[in-house]
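For reference, the structure discussed in these notes is given below.
The values are calculated or read from the model by the stated rules, or taken from the named source; none is laboratory data. Keep in mind that what you see is a predicted model, and the values were worked out from it rather than measured. For neighbour counting, all protein chains shown are included, and Cβ atoms are generated from backbone atoms with ideal geometry for every residue, glycine included. Just the protein is used for accessible areas: all its heavy atoms, side chains included, with ligands, DNA and RNA removed. Shrake-Rupley method; radii C 1.70, N 1.55, O 1.52, S 1.80 Å.
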Amino acid sequence: ISEVFWLWSVEGPTVLYVNRAYETVFGRSRESVYRDARSWIEGVHPDDREEYVRTCTEALERRQPFRTEYRLRQANGEYRWVLESSVPRLMSDGSVIGYIASAIDITDLKAARMALSNLSGRLMDAQEQERQRLARELHDDVGQRMSSLVMDMVRVIEMLPDAAEDARGEINAVSDQMIALSRDIQVISRRLHS
């Protein structure tokens, strides 16, 4: 879509000027919109009309600029997303006599935003699946192997002769460290995926 510019007056409302892009984009003569400014609204997608009219009305009442996105029917009957930006035309006393407006096609931008949103969602899902996999691996594999090592250490302690008290103390200390490490692995596993 070419960028469409127009000037409209609050009297009527009346379109005072619209550039040639209007004819190319909408397949209607500029004179048609000069005769009936409301014909613009007929091109707004039915699902977007109420919000569009509300946005314009509120901006006019507050004498403020506005931006709004809506679907607009093109000459070929296809609806495309446009971003309309409008600023009030003010008299010296501050009264609004109309708006200067433009609309530009943002259909491709909206499609890109949707694709990015979908990609972000898929990335978050992939991250969650990877956290689940790591949590299971830590819990089921590493945690079980640590428990098995602790039990092996207990058997080694039991096999030591009574005279090997120093070795027994050292092995008990290592066993305690292994138990603490096993608990830490469980905590990490739960943090990754409760």
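What the table below lists for this structure:
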| quantity | calculated |
| --- | --- |
| Full-extension gain in nm, GLN186 to GLU158, via 0.36 nm per residue minus C-alpha separation | 7.4 nm |
| Whole-number percent relative contact order across the stretch 1-94, with pairs defined as alpha carbons under 8 Å at least 6 apart | 20 |
| 14 Å beta-carbon shell around ALA37, net charge (K/R +1, D/E -1) | 0 |
| Order by protection proxy (mean Cβ within 10 Å, highest first), peptides 33-41, 157-165 | 33-41, 157-165 |
| Mean Cα-pair separation over length for the chain, i.e. relative contact order, pairs under 8 Å, 6 or more apart, % | 17 |
| Label zone at SER32 (point 7 Å along Cα-to-Cβ), backbone N below 12 Å, the stretch 65-109 | 73-77 |
| Highest to lowest packing among 178-186, 21-29, scored as the average C-beta count within 10 Å | 21-29, 178-186 |
| Viscosity 1.567 mPa s, 4 °C: Kirkwood-radius Stokes-Einstein D of the chain over Cα pairs, µm²/s | 57 |
| Label-point gap, in nm, between VAL87 and GLN127 - each point 7 angstrom along Cα→Cβ | 4.0 |
| 12 Å reach of a label modelled at SER102, 7 Å along Cα-to-Cβ, counting backbone N of the stretch 61-80 | none |
| Kirkwood hydrodynamic radius (C-alpha pairs) into Stokes-Einstein, the stretch 136-194, 20 °C and 1.002 mPa s, D in µm²/s | 174 |
| Å² per residue, accessible surface of the stretch 44-90 at 1.4 Å | 60 |
| For HIS45, residues with placed amide H under 5 Å, excluding near neighbours | ARG71, LEU72, ARG73 |
| Whole-angstrom gap from the stretch 98-135 to the stretch 23-73, using each part's C-alpha centre | 27 |
| Apportionment of accessible area to carbon and sulfur, the chain, percent (1.4 Å) | 53 |
| Dimensionless Rg/Rh of the stretch 19-86 - Kirkwood Rh, Rg from C-alpha atoms | 0.97 |
| Translational diffusion of the stretch 86-141, µm² s⁻¹ [Kirkwood Rh, Cα pairs; Stokes-Einstein; 10 °C; 1.306 mPa s] | 99 |
| The stretch 133-142 - phi-based ³J(HN,Hα) in whole Hz, Karplus 6.51/-1.76/1.60, Gly and Pro as x | 4, 5, 4, 4, 5, 5, 6, 7, 9, 5 |
| As computed over the stretch 96-194, the Cα convex hull volume per residue (Å³) | 139 |
| Space enclosed by the convex hull of the alpha-carbon atoms of the stretch 1-43, per residue, Å³ | 63 |
